[in-house]
Amino acid sequence: MPLVTSKELLQAALEGHFAVGAFNANNMEQIQGIIDAAVEEQSPVILQVSQGAIDYAGLSYASTMVKVAAQEANVPVVLHLDHGSSFEQNVICLRAGFTSLMFDGSKLPYEDNVRITKQIVEMCTPVGIPVEAELGKVLQSRDNVSEDEVRAAMTDPDQARQFVEETGISSLAVAVGSVHAMTSADAELDIERMKALREKVDIPMVLHGSSGAREDSIVEAIQYGVCKINVATQLNMAFVGAIKQASVDMPDNVDPRKWLSLGRDALKEVVRHKMRTFGSSGQATSSGFASPAKSFRTAELGHLE
Ligand code: G3H
Ligand code: ZN
């Protein structure tokens, strides 16, 4: 199936009270594990490529592998830029065929975040590609952040409404208590803040740093407008954990496939579990995004007319 954009996927999720998993991948085996899980669960899926993944694999490899994987899958697949760092990076990914983009201006002053996000939205709107942006800041666990720092970085609901209006974005990444790259899932999300955000923001919201958040908290947040959930660290832990174990079990092995395929299988099981938790299992054909080529090409034709 050709790639779909995240626009109709997230809209369907918002209306259906489920969330679509956005899984980070850096290599072929991770992409395959994610896609295999989506096919087995009959779930729509967002495969996302970060700046780090682009540096590691190269943009052409990273994007082409996802396109090939999508082509072979019978479920809707989105190719998303995760934490795009600049206007230029978004232009490059738009040209490379990404069907969903993100600008992360969370470290910038509010006005600069609005200005650059808006420029990207203006570039993408005529060709029907949705843009995610971040307001508030989802911090990094490597910075040893305190609870007070996490709280101070949370998204303000009134400012969120203003940001959505000023930029015209399709989805908003919010900071509600999660922290990137945590290896234990014990952070509780601020559900009261989610409720307040939902009252002010009517577009789909995005949860970053989900590996460190409690699953019951995540499920509750989905009821208040979280429609895209980013997962990276838990996938990496499963993938690397299986390979570490294999190196103990098969110390004399020199065939990388024997280890990498075990990493792929372990990652796939985590993704399947996430899809069931997020409620996206079985949603691949249910909500009007079953004909992906139409939505993407219609947008392009609309621009030419
Ligand atoms: O953008 C990617 C994520 O927010 C993933 O966060 O590594 O904590 O799962 P995580
Ligand atoms: Zn993130």
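The values are calculated or read from the model by the stated rules, or taken from the named source; none is laboratory data. If you're wondering where the values come from, they're calculated on a predicted model, not measured in any experiment. Cβ: placed from backbone, ideal geometry, glycine included. Neighbour counts: every protein chain shown.
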(request) Determine, yes or no, whether Met205 is touching a helix residue (DSSP H, G or I) at 6+ places or on another chain (Cβ under 7 Å), touching a residue at least 12 places away in the same chain (Cβ under 8 Å), more than 29 Å from Leu3 (Cβ to Cβ) and not hydroxyl-bearing (Ser, Thr, Tyr). (result) no
(message) Any residue in segment 45-67 that is closer than 22 Å to Val20 by Cα sitting within a Cβ distance under 9 Å of a residue that is at pLDDT below 95 and within 16 Å of ligand 1 (Cβ to nearest atom)? List the pairs, counting only those 6 or more apart or interchain.
(response) none
(request) Name the single residue, out of those in segment 138-153 being within 19 Å of the chain's Cα centre (by Cα) and surrounded by fewer than 20 Cβ atoms within 10 Å (Cβ to Cβ), that is modelled with the lowest pLDDT. (result) Ser141
(request) Take Glu220 and decide whether it is within 14 Å of ligand 1 (Cβ to nearest atom) and of a type in the set (Asp, Glu). (result) no
(request) Restrict the check to segment 248-260 and report whether at least one residue is touching a residue at least 12 places away in the same chain (Cβ under 8 Å), under 23 Å from Arg214 (Cα atoms) and out of contact with any strand residue (DSSP E or B) (no Cβ under 8 Å at 6 or more places or on another chain). (result) no
(request) Go through (1) within 18 Å of Ala53 (Cβ to Cβ); (2) within 16 Å of ligand 2 (Cβ to nearest atom); (3) of a type in the set (D, E, K, R) and name the single condition Arg95 misses. (result) (2)
(message) If the requirement is being among the aromatic types (Phe, Trp, Tyr), over 30 Å from Ala152 (Cβ atoms) and out of contact with any Ser or Thr (no Cβ under 9 Å at 6 or more places or on another chain), which of these qualifies: Tyr110, Tyr61?
(response) Tyr61
(request) Report, by residue number, each residue of segment 80-116 that is farther than 28 Å from Ile31 by Cα and either touching a residue at least 40 places away in the same chain (Cβ under 8 Å) or under 13 Å from the mean Cα position of the chain (by Cα) (or both). (result) Tyr110, Asn113, Val114
(message) I'd like to check something: does segment 160-168 contain any residue that is touching a residue at least 12 places away in the same chain (Cβ under 8 Å), closer than 18 Å to Thr99 by Cα and more than 16 Å from ligand 1 (Cβ to nearest atom)?
(response) yes
(request) Could you grab me the full set of residues in segment 100-136 that are of a type in the set (Lys, Arg) and closer than 19 Å to Val150 by Cα? (result) Lys107
(request) Residue by residue through segment 5-32, note down the ones that are modelled with pLDDT of 95 or more, in contact with a Phe, Trp or Tyr (Cβ under 8 Å, 6 or more places away or on another chain) and part of a helix (DSSP H, G or I). (result) Leu9, Ala12, Glu29, Gln30
(request) Please specify each residue of segment 175-218 satisfying the condition of being buried (at least 24 other Cβ atoms within 10 Å of the Cβ), away from ligand 2 (no atom under 15 Å from the Cβ) and part of a loop (DSSP other than H, G, I, E, B). (result) Pro204
(message) Looking at (1) surrounded by fewer than 20 Cβ atoms within 10 Å (Cβ to Cβ); (2) more than 24 Å from Val131 (Cα to Cα), which one does Leu235 not meet, given that it meets all the others?
(response) (1)
(message) Suppose we keep only residues that are in contact (Cβ under 8 Å) with a residue 40 or more places away in the chain and not hydrophobic (A, V, I, L, M, F, W, C) within segment 70-79. Which one would you say is farthest from Pro204 (Cα to Cα)?
(response) Gln71
(message) Among the residues of segment 222-245, are any assigned to a loop (DSSP other than H, G, I, E, B), hydroxyl-bearing (Ser, Thr, Tyr) and more than 26 Å from Gln30 (Cβ to Cβ)?
(response) yes
(request) Go through segment 93-120 residue by residue and tally those that are buried (at least 18 other Cβ atoms within 10 Å of the Cβ), of a type in the set (A, V, I, L, M), more than 13 Å from His83 (Cα to Cα) and out of contact with any Phe, Trp or Tyr (no Cβ under 9 Å at 6 or more places or on another chain). (result) 1
(message) Looking at the structure I just gave you, is Ala62 modelled with pLDDT of 95 or more, away from ligand 2 (no atom under 16 Å from the Cβ), within 16 Å of Leu81 (Cβ to Cβ) and surrounded by 22 or more Cβ atoms within 10 Å (Cβ to Cβ)?
(response) yes
